[in-house]
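Everything below concerns the one structure shown next.
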Amino acid sequence: MVVLHVKSTFSSPSPSPSPEEEETEFLHECAATAAVAGLAAALAGTAGLQARVLSLCRRLRERCADAPAAYGELERALSEAEAYASKVQVRHNKFLSPRALREHIKNIEKAAANALEESSEALCLQHPKSDEKHDTIQLWWAGKELAMDKKLSDYIGTNDKTKIVIRLSLPNEA
């Protein structure tokens, strides 16, 4: 399996972006013969979930900053989710799972609803559905944009023991 060290650059929806939101990193594993279009969709989904977890944690920490001791269960859920979705996982060769990221989001929403005694809709934790635009995703490797109609092996060969760094980005929309 080819190991992809993915660096994504998504624009932050918040007015004051932090560096973690603008550039995230994670590891992904796939076959060398994987189609670039399918790979782009999978990477964009994982990067979107990772950005959502980190954004959710940041917003809830800002909201609960006045009394952190009162929100023990929420603090634990936020810490676990941040640790799982952080860039540090790359250094430890840990892969991100979309399923685990979704589970962390559910845990955070449930803990926030319990701690703040409001529904997740009232807390504005729901994710906007128009956020994912997989057809405009660009994958870059070695200074080249990967064409969506090709296979990964067209660029890196058929060796399944390869590790490459891929940049995932959205084109600038005017």
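Tabulated data for the structure shown
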{"read-out": "When each of Lys106/Lys151; Lys87/Lys150; Lys106/Lys163; Lys87/Lys163 is checked by Cα-Cα distance, pairs over 25 Å", "value": "Lys106/Lys151; Lys87/Lys150; Lys106/Lys163"}
{"read-out": "Gain in span if fully extended, Glu103 to Arg167, counting 0.36 nm per residue against the direct Cα distance", "value": "20.5 nm"}
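A short reminder: the numbers here are calculations on the coordinates, not readings from a lab. Source: prediction; values computed, not measured.
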